[in-house]
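Written below as C-alpha cells is the structure these notes are about.
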Amino acid sequence: MAITSSTNTIGLLNLQKNGKHSNMDLPLFRSSHLKVRRFKRIFKCASQVNDISVEVVKPEIDFKDPDWKKHFQEDFDNRFRLPHLTDILDVKPRPTTFSLKSRGPLDDGNGAPMDTWYGYVNDDDRALLKVIKFASPNSAGAECIDPDCSWVEQWVHRAGPRKQIYYEPKEVKAAIVTCGGLCPGLNDVIRQIVFTLEKYGVKNIVGIQFGYRGFCDENLREVPLSHQVVQNINLAGGSLLGVSRGGPSISDIVDSIQAKAIDMLFVLGGNGTHAGANAIHDECRKRKMKVSVVGVPKTIDNDIQLMDKTFGFDTAVEEAQRAINSAYIEAQSAYHGIGLVKLMGRSSGFIAMHASLSSGQIDICLIPEVPFKLEGPNGLLQHLEHLIKTKGKAVVCVAEGAGQELLQKSAALDASGNVVLGDIGVHIQQQIKRHFKNIGVPADVKYIDPTYMVRACRANASDAILCTVLGQNAVHGAFAGFSGITTGICNIHYVYLPIPEVIRSPRRVDPNSRMWHRCLTSTGQPDFR
C-alpha cells in the first residue's frame, strides 16, 4: 500500500515548472476524509523565472489493513529522509574538525578527540514531531490520521554537529544570501553562520547581496565575511547583505554557483525563498555538483509548517505591544475612543493573536483564518457599539490578511508572486467612522500601522538565541553532507527537515486550537458571523 499523506495529513509535493503563479495557499484538511483529493496551486518562488507547481495528494488509506500504521510510518520515514551528497556522489567522510575542546579548528587531520568529548549528534538521533495523543478528533486542535485518532509515531532528524563531515574545511567556499522582506534577527543568523564556519576552519566565506538577484547582477559583488566583519552586526536591525524579492532563473543561479565555485549555500528566507532553495538543490543534484544548500526559515508571520516558531516572531510580538499600548492610550484618553492597530500576517494570524494575548488590552482580534462580518446583529460594528456603551472605549487588532473577502480583489502581484492585499485596516477605520456617524454617536478612531517599524528592529533576547542556534545548526547540517534541508525548532528540539515538507502551505492558526480559544477568552469577543 502506497501512502503519501504527511504529518498534518497533507500529501506529497511535486515541484514542477509551470507557467502560472499565485501565492502559496494550499488547503488543509483532516485525514478522516479518506478519498483521494488533488489540489494544485501555483506560487511564484523567489527565483522568479521558474514558477513552481505544488501538487498536494490526499491518498486513500485502508484502515482495515492491520499494518496500516507500519505502512504510514515507512512512508513518513521515506519522505522525511534527508537528501545527502552520497545520494549522487561517491564522497567519503572524514573526522570532524569541530570540537569545543579546542580553541580553533582541529588542523592535524586526525579529527576531534571523540573519546573525550560527547557533544556530537548521532545520525540516528530523532525527535518526535507530534507529542500529544488526542483521545478524540473533537479534541481542541486535534490532528488525526484515522477516525479513531490512533497514536502514530512520527520521528524527524535531530540537528547538531556530527563526528564525520564530508568537506575539507580549508577547501570550502561558503555563501550566505538573505531573501524576501526584512525580519528581526537576520544579522544574528549571518553572524553565527560565519562564526561556526570559522570554527570548522573555513576561510573563504562570502555574502551574496540583495537576495537571489545578487548571483547574476554584475553591479553586485560578493561581500567577504569574517569574524571581524560580522562581530557587531547583531546590534542593528536589517540585513548586512540586503534583501530583495525576485531574481534570475534557477539555471542562471546554479551557473553562477558553479562559476563562483561555491560549495555551501545558506539561504535565509520564507516559503517562497525556500522553494527557490529547493529548486537550486535539485538543479545542483541534476548536475552532480558537490554543493550543500541549507535553508534557515525566516518569516516574521511564524507561518512555516512543522516548526514551533521562526525567528523574528517573538520580536514582532514584543514590538507590536508598543503600537497596541499607544492605541489603548489614545482610546482611553478620547471620548468614545477606538484604537485600531493593523499587524502583519498575510495568511496567518499568529502575530495578531499572540500580541492580543500578551497585551491584555485588546477587545477584538481579527485574523485571516476566522471570517467575520461588519454589519448585522452579530457583526463587528454592533459589538463596537456595545463596547462604547459599556466601556466607553475599544481597542481592535487586525492582521493584514484578515477580511480580504470584504475588499475588492486585486489581480496585482508583488515580486514574490503574492497577490497584493487590500488595506483592511483603512477599510475598517472608514466603516467604523461611517457607522457611528449614521447612528449619531460620536467616535474618535485612531489608526496605527507599525509594519515597517516592527520589521526593521533588532532581535530581542529570545529571537537572538533562536537565531544563534539556527545559524550554528545550518553549518553543522552542511558539513554533515545534507542538502535541500532546513533547520528549525520542533517541540523545543532543534531538527533538520526536507524543504518540500515545510513549504507545502503556510502554517495557519487553527480556529479550534487552545491558543485561539485563549485569545477569545482574553478579548471576550463574540463570533462575528
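The values are calculated or read from the model by the stated rules, or taken from the named source; none is laboratory data. Worth saying up front: this structure is predicted, and the values here are computed from it rather than measured. Cβ placement follows ideal geometry from the backbone for every residue including glycine, while neighbour counts extend to all protein chains displayed. Heavy atoms of the whole protein, side chains included, go into the accessibility calculation; ligands, DNA and RNA do not. Shrake-Rupley method; radii C 1.70, N 1.55, O 1.52, S 1.80 Å.
Within the stretch 326-348, the residues that satisfy the criterion of being touching a residue at least 12 places away in the same chain (Cβ under 8 Å) and in a helix (DSSP H, G or I) are Ser326, Ala327, Tyr328, Glu330, Ala331, Gln332. Yes or no: Ser239 surrounded by fewer than 21 Cβ atoms within 10 Å (Cβ to Cβ) and either small (Gly, Ala, Ser) or touching a strand residue (DSSP E or B) at 6+ places or on another chain (Cβ under 7 Å) (or both)? For Ser239, the condition - surrounded by fewer than 21 Cβ atoms within 10 Å (Cβ to Cβ) and either small (Gly, Ala, Ser) or touching a strand residue (DSSP E or B) at 6+ places or on another chain (Cβ under 7 Å) (or both) - is not met. Of all residues being open to solvent by less than 10 Å² (accessible area, probe 1.4 Å) and not hydroxyl-bearing (Ser, Thr, Tyr) in the stretch 342-354, which is nearest to Asp449 (Cα to Cα)? Just the residue, please. So the residue we want is Leu343.
If you check Arg529 against the conditions, is it open to solvent by less than 10 Å² (accessible area, probe 1.4 Å) and of a type in the set (Lys, Arg)? Here the answer is no, as Arg529 does not meet what is asked.
Here Ala320 meets the list (1) farther than 30 Å from Ala394 by Cα; (2) in a helix (DSSP H, G or I) almost entirely, failing just condition (1).
Asp217 meets the conditions (1) free of Cβ contacts under 8 Å to residues at least 60 places away in the same chain; (2) within 30 Å of Leu100 (Cβ to Cβ) in every case but one. The failed one is (2). Restricting attention to the stretch 154-202, the residues that are of a type outside the set (A, V, I, L, M, F, W, C) and under 24 Å from the mean Cα position of the chain (by Cα) total 15.
Please state which one of Ile300, Ile233 is more than 14 Å from the chain's Cα centre (by Cα) and under 19 Å from Asp463 (Cα atoms).
Answer to the check: Ile233.
Hey, could you check the stretch 252-295 for residues that are among the hydrophobic types (A, V, I, L, M, F, W, C) and touching a Phe, Trp or Tyr at 6+ places or on another chain (Cβ under 6 Å) and say which is farthest from Glu198 (Cα to Cα)? Looking at the filtered set, the residue picked out is Ile253.
Quick one: would you say Asp282 is in contact (Cβ under 8 Å) with a residue 12 or more places away in the chain, outside the structural domain of Gly403 (by the TED database) and assigned to a loop (DSSP other than H, G, I, E, B)? No.
How many residues are within 16 Å of Arg455 (Cα to Cα) and either aromatic (Phe, Trp, Tyr) or modelled with pLDDT of 95 or more (or both) when one looks only at the stretch 244-272? Please lay out each step first, then the result.
Of the stretch 244-272, the ones within 16 Å of Arg455 (Cα to Cα) are 244-245, 268-270.
From what's left, either aromatic (Phe, Trp, Tyr) or modelled with pLDDT of 95 or more (or both): 268.
Residues flagged as within 16 Å of Arg455 (Cα to Cα) and either aromatic (Phe, Trp, Tyr) or modelled with pLDDT of 95 or more (or both) within the stretch 244-272 amount to 1.
With respect to the conditions (1) closer than 22 Å to Pro498 by Cα; (2) modelled with pLDDT under 95; (3) not polar (S, T, N, Q), Arg322 lacks only one, and its number is (1). The single condition among (1) crowded, with 24+ Cβ neighbours inside 10 Å; (2) at pLDDT 95 or above; (3) out of contact with any His (no Cβ under 6 Å at 6 or more places or on another chain) that Leu357 does not satisfy is (1).
When residues in the stretch 143-191 are screened for being in contact with a helix residue (DSSP H, G or I) (Cβ under 7 Å, 6 or more places away or on another chain), closer than 30 Å to Phe210 by Cα and open to solvent by 20 Å² or more (accessible area, probe 1.4 Å), 3 of them pass.
The strands (runs of 3 or more DSSP E) falling completely within the stretch 388-492 that include 2 or more residues that are surrounded by fewer than 24 Cβ atoms within 10 Å (Cβ to Cβ) map to 444-448, 485-490. Quick check on Val194: is it touching a residue at least 12 places away in the same chain (Cβ under 8 Å) and part of a helix (DSSP H, G or I)? Yes, satisfied. Taking the stretch 121-142 as the range and being in a loop (DSSP other than H, G, I, E, B), open to solvent by less than 80 Å² (accessible area, probe 1.4 Å) and closer than 30 Å to Ala480 by Cβ as the test, the residues that pass are Val121, Asp125, Leu129, Lys130.
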